[in-house]
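Visitor: I am attaching a structure below and will ask some questions about it afterwards.
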Amino acid sequence: MNKRFLLPLLLSLFSSFALANEIELEHDPIPTDRASVLRGAEQVATVCSSCHGLKYVQYRSLLDLGIAKETVDVWRGDKPLNSAMKPQMAPDDAAAAFGVTPPDLSLMAVAREGGVHYLYSYLMGYGVGANGETTNRIFTVTKMPDVLGISAASDAKQREEISAKAKDITAFLNWAADPRAGDRRSLGIYVIIYLLIMTILLFLWKKQIWRKIDAMEKL
Amino acid sequence: MFKSTLAWIDQRFPLTHFIKNDLADYPTPRNLSYWWNFGSLAGLVLVMQLVTGIFLAMHYKPDIATAFDSIQHIMRDVNYGWLLRYMHSTGASAFFAVIYIHMARTLYHGSYRAPRELLWWTGQGLLLLLMATAFMGYLLPWGQMSYWGAAVITNLFRATPFFGEQVVVWLRGDFQVGDATLTRFYALHFLFPFIIVGAVMIHLIALHTVKSSNPRGIELKPKDNIPFHPYYTIKDMLGVAVYLVVFSAFVFFVPNTLIEAANNIPANPMQTPAHIVPEWYFLPFYAILRSVPDLAGGVAAMGLSVLIFAAMPYLDRSRIPGGARYRPAYRFLFFIFLADMLVLGYVGAVPVTADTAIVGRVATEIYFLTFLLLPWISKKEEAYLIKRGLPPAVEEFLQNNANKKH
């Protein structure tokens, strides 16, 4: 996700090589604002949910995210609030229809090399092949249909709309993969500020204690 | 009241003696650089891993049907569970980073040299324990990389002479990595840290017997030693603060950089991931493993590459004291070794191609050559340096050693 910041760092250097000789992903920035996440939630709950579940996301947590109770009630149907977001199509039926069970989407934003960029590129990756068939340049043999319809979209305005939709969906799935990330970052800022102040004070204190030793001849 | 209580204890347990001799007045060279902070940092990381680990154990479920879900339960439902988990997963990497720097400092300054051989060897034992603990811990999230990493590494034991097959089954508790493997790795992953604590005690007893080395590699005169408290208590605290800033930056802002994407997919024995990569801290050794064409040879080379550090006190034959400070050839060799480690790390991370295979092969040879040529290089260097003339401190050291012999 944030790999771009760390590339110069040795540690991530090691873990991001796997990408090197694979298909170029699109690196458009993925929004993180609440409005995008909420729009994405609607897309996922109404479109993707026909085939995919999100087994680690309960309907209740959508309320915490700020979605109106009535909306969530429509999405969940007769399932209880503390139920996970289940696919509308039974997994067996989906497997029979597509030849593969649609994977759970809770962790999808972190489960592929490239993270959110993979997700966005995959949703936008559909096109028309040489024989008029729909293909996906990211995952050539994918059994998922082009649900957003990007392969049939020809004019720029339409593509723009689909791209915005895909970004919202990605934003929501990114939230779903780690719902505590917001808390984490906001707490992190305080922790780092606190530690930096402590570091400065300890540095000064150390200087003070060591001043006699520091004045001695170097060994 | 306090005094009499202390007196009561001291008659029965050497508390004051211990605090005075091993904490407060413990004589420490005054010229230690910040690279000497990493020993105490390793201690801190160990404690943090233990504490976060025990709290994680309260919520984790070692069963292949529930392990993956229980991690998500910790991440989402347990209060500050995400913090515990990210501290622990980042902590594993931090532990290796700290230990590798600690080892690099020891190598650079020749701190493994007499009389510190046992200190070095107990450290070598600690490294092996740490590697085993981290390896077993990595299976617990039961993701794709957990599963396949464990499958690949346990499979290496097939190279054991005569009993290969049996050893693999014995390690896994089954013919395949499965529930039996998960539960035993969990039990051992819980146990090993406490063995590490014990081994650290032994490491510290050895340290306090021979005392810290210093950048010169020559024991200082008593007047150049300073009491541990307050000088090194404050310096270690400063080191801890800086460490915590870096550590927190990872935990709070990029905790996922150190988690392979494939490990966010539940383990699936039917589907091998595209490339199986171990955690970054095993990559150089993994590259050595892959650089030898046959399994037994590769396993032997990998084992040797970790264990060969123990031979350092014998491989370094120079009479010139210490490490790189007074010894340019040794310093050069150190940096060659460091660069070679990075190359091996890179080779271990990428899929094998004709090019990386050659690079890996050469880097493996350089790895072992830096060790095996050391006896010869250190002797050559010694002769050259003596001919060229030495700094007075080293001259004096050699003179004292010569006198002792007579």
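The values are calculated or read from the model by the stated rules, or taken from the named source; none is laboratory data. On a predicted model such as this, the values are computed, not experimentally measured, just so you know. Please note: Cβ atoms are built from the backbone with ideal geometry, for glycine as well, and neighbour counts cover all protein chains shown. What goes into the accessible areas is simple: the full protein's heavy atoms, side chains included, and nothing from ligands, DNA or RNA. Shrake-Rupley method; radii C 1.70, N 1.55, O 1.52, S 1.80 Å.
Visitor: For the residue pair B:Y100 and B:E396, what label-to-label distance in nm results when each label sits 7 Å from Cα along the Cα-to-beta-carbon direction?
Guide: My value for the distance between the label points is 3.9 nm.
Visitor: When ranked by the protection proxy of mean other Cβ atoms within 10 Å per residue, highest first, what sequence do the peptides B:55-65, B:319-329 form?
Guide: Result, highest mean Cβ count within 10 Å first: B:319-329, B:55-65.
Visitor: Another question, if that's okay. Which whole-Hz couplings ³J(HN,Hα) result when phi for each residue of region A:54-59 is put into the Karplus expression 6.51 cos²θ - 1.76 cosθ + 1.60, θ = phi - 60°, listed in order with x for Gly and Pro?
Guide: So the J values, rounded to whole Hz, are 10, 6, 9, 10, 8, 4.
Visitor: Just add up the charged neighbours of B:S291: K/R +1, D/E -1, any other residue whose Cβ is under 10 Å from the Cβ of B:S291. Numbers along the way, then the final one.
Guide: Working: positive: B:R290, B:R361; negative: B:E365.
Net of charged neighbours comes to +1.
Visitor: I would also like to ask the following. With every protein chain left in place, what is the accessible area of A:K206 in Å² (1.4 Å probe, nearest 10)?
Guide: 20
Visitor: Still on this structure, please answer the following. Take every Cα pair under 8 Å in chain B that's 6+ residues apart, average their separations, divide by the length, and report that relative contact order as a whole percent.
Guide: On the way: 440 pairs, mean separation 88.2, N = 406.
Relative contact order comes out at 22 percent.
Visitor: From the protein chains alone at 1.4 Å, what is the descending order of accessible area for A:S186, B:S33, largest first? Write out the running numbers ahead of the final one.
Guide: Details: A:S186 60, B:S33 35 Å².
Largest accessible area first, the list is A:S186, B:S33.
Visitor: Relative to the Cα centre, what is the charge dipole magnitude of region A:14-179, using +1 at the beta carbon of each Lys and Arg, -1 at the beta carbon of each Asp and Glu, and rounding to the nearest 20 debye?
Guide: 300
Visitor: Oh, and also: Can you tell me which of B:Q72, B:Q49, B:Q11 moves the most in a GNM of chain B? Springs connect C-alpha atoms under 10 Å apart.
Guide: B:Q11
Visitor: Sorted by packing (mean other beta-carbon atoms within 10 Å per residue), highest first, where do B:348-361, A:51-64 land? Can you show the working numbers first?
Guide: Details: B:348-361: 15.9, A:51-64: 20.0.
Descending mean neighbour count gives A:51-64, B:348-361.
Visitor: Continuing with the same structure: How many Lys pairs in region A:14-179 lie less than 16 angstrom apart by Cα atoms, where the lysines are 8 or more positions apart or on different chains?
Guide: 5
Visitor: Here's a follow-up. Give me, ordered by chain and number, the residues 5 or more places off A:T134 or on other chains with an amide H under 5 Å from its own placed amide H.
Guide: For A:T134, the qualifying residues are A:G129.
Visitor: Shifting gears a bit: Under the definition of partner shielding as Cβ atoms of other protein chains within 10 Å of a residue Cβ, what is the mean value for peptide B:235-241?
Guide: Shielding by partners across B:235-241 averages 5.
Visitor: Is the shape of chain B best called rounded, prolate or oblate, per the rule: a/c under 1.5 gives rounded, else a/b larger than b/c gives prolate, else oblate, with a ≥ b ≥ c the square roots of the Cα gyration tensor eigenvalues?
Guide: oblate
Visitor: Just the number please: accessible area per residue for region B:277-406, 1.4 Å probe, all protein chains included, in Å².
Guide: Using a 1.4 Å probe on heavy atoms only, each residue of region B:277-406 averages 51 Å².
Visitor: What is the distance, in nm, between label points placed 7 Å from the Cα along the Cα-to-Cβ direction at A:Y190 and at B:L118?
Guide: Result: 4.9 nm between the two label points.
Visitor: Taking each residue in B:247-260, count the Cβ atoms of any other chain within 10 Å of its Cβ, then average. What number comes out? List each step's numbers first, then the result.
Guide: Numbers: counts 1, 7, 5, 4, 3, 11, 9, 8, 6, 10, 12, 5, 2, 5.
Counting Cβ atoms of other protein chains within 10 Å of each residue's Cβ and averaging gives 6.
Visitor: Also: So, R0 is 51 Å and r is the distance between the beta-carbons of B:A354 and B:V245; what FRET efficiency does that work out to, to 0.05?
Guide: With R0 = 51 Å, the Cβ-Cβ based efficiency is 0.75.
Visitor: Which distance in Å, rounded to a whole number, links the C-alpha centroids of region B:112-161 and region B:40-86?
Guide: 20
Visitor: Can you pull out the GluC sites (Glu not before Pro) in region A:122-219 that DSSP calls coil and that have at most 11 other Cβ atoms within 10 Å?
Guide: When the GluC sites (Glu not before Pro) of region A:122-219 are filtered for loop state and at most 11 Cβ neighbours within 10 Å, A:E133, A:E217 remain.
Visitor: Send over a whole-number figure in Å² for the accessible area per residue of region A:148-219, probe 1.4 Å.
Guide: Values: 4300 Å² over 72 residues.
Heavy-atom SASA per residue in region A:148-219 reads 60 Å².
Visitor: Roughly how crowded by other chains is peptide A:185-198, in terms of the mean Cβ count from those chains within 10 Å of each of its Cβ atoms?
Guide: Per-residue shielding by partner chains comes out at 4.
Visitor: Another question, if that's okay. Tell me, what is the percent relative contact order of chain A, built from C-alpha pairs under 8 Å that lie six or more residues apart?
Guide: So the answer I get is 25 percent.
Visitor: Using R₀ = 56 Å, calculate the FRET efficiency as 1/(1 + (r/R₀)^6) where r is the Cβ-Cβ separation of B:M1 and B:N268; round to 0.05.
Guide: E between B:M1 and B:N268, to the nearest 0.05, is 0.30.
Visitor: Go ahead and set up a Gaussian network model of chain A, Cα springs under 10 Å, then flag whichever of A:A95, A:A130, A:A153 fluctuates most.
Guide: The residue with the greatest mean-square fluctuation here is A:A130.
Visitor: Which FRET efficiency value, to the nearest 0.05, do you get for B:L307 and A:T140 by plugging their Cβ-Cβ distance into 1/(1 + (r/R0)^6) with R0 = 51 Å?
Guide: It comes out at approximately 0.65.
Visitor: Oh, and also: What ranking do B:133-139, A:66-72, B:295-301 get when scored by the average of other Cβ atoms within 10 Å per residue, highest first? Walk me through the numbers on the way to the answer.
Guide: Numbers: B:133-139: 22.3, A:66-72: 13.0, B:295-301: 15.6.
Ranking, from highest mean packing down: B:133-139, B:295-301, A:66-72.
Visitor: If each residue of separation counts as 0.36 nm, what is the full-extension length gain between A:L201 and A:A96 once their alpha-carbon separation is subtracted?
Guide: Taking A:L201 through A:A96 to full extension adds about 31.3 nm, to one decimal.
Visitor: What does the charge dipole of the protein assembly as shown about its Cα centre add up to, to the nearest 20 debye, if the Cβ of each Lys and Arg holds +1 and the Cβ of each Asp and Glu holds -1? Provide the component values of the computation, followed by the final result.
Guide: Working: 56 positive and 48 negative charges, 593 e Å.
Using Cβ point charges on Lys, Arg, Asp and Glu, the protein assembly as shown gives about 2840 debye.
Visitor: Continuing with the same structure: Using the Cβ atoms and a cut-off under 10 Å, what net charge is assigned to the surroundings of B:F228, where Lys and Arg are +1 and Asp and Glu are -1?
Guide: Neighbour charge sum, excluding B:F228 itself: -2.
Visitor: What distance in nm separates the two pseudo spin-label positions at B:V152 and A:R34, each 7 Å out from Cα along the beta-carbon direction?
Guide: In this crude label model, B:V152 to A:R34 measures out at 4.4 nm.
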